[in-house]
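Working notes for the structure below.
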Amino acid sequence: MPLDFTKHFVAVPTEFKLRNNTDCSWKVTVKLMNDRVTLDQGWTTYAAVHQIKIGYMVTFKLLTLDTLKVIIFDDDGIEVVNKCGKHDEAFAAKE
């Protein structure tokens, strides 16, 4: 995440819900490393399930203090639309 991402928080949450373009939510933990916010547990599985590949662009928009809107663009700049069917129960966020 960008360095100035933390300015939006009094204290950075330890967990975020990632909400995609079909309104599915996915839970990831957050870790501070060298003053940077990094997505930790749950991110690798999220990236695999959503088939994020090298060359893809992933954007994050802060919706609430614990929810990020995630939009994925393929290497041609076309938005990738993913369904929620394969989510790992351990990380699928309960509404």
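The values are calculated or read from the model by the stated rules, or taken from the named source; none is laboratory data. None of these values were measured; they are calculated from a predicted model. Protein only, heavy atoms only, side chains kept; ligands, DNA and RNA dropped before computing areas. Shrake-Rupley method; radii C 1.70, N 1.55, O 1.52, S 1.80 Å.
Take Phe9, Phe16 and sort them by solvent-accessible surface of the protein heavy atoms, 1.4 Å probe, largest at the top.
Details: Phe9 25, Phe16 0 Å².
Heavy-atom accessible area, descending, gives Phe9, Phe16.
In a Gaussian network model over the chain where Cα atoms closer than 10 Å are linked, find which of Leu65, Leu39, Leu18 has the largest mean-square fluctuation.
Most flexible of the set in this elastic network: Leu65.
Once you have the Cα-Cα distance between Ala47 and Asp75, take 0.36 nm times their residue separation minus that, and quote the gain in nm to one decimal. Each step should come with its number before you reach the end.
On the way: separation 28, 0.36 × 28 = 10.08 nm, distance 1.51 nm.
Contour length minus the Cα-Cα distance gives 8.6 nm.
Over its Cα atoms, what ratio of radius of gyration to 2.2 N^0.38 Å does the chain give?
Working: Rg = 13.1 Å, N = 95, 2.2 N^0.38 = 12.4 Å.
Normalised Rg, Cα atoms only: 1.05.
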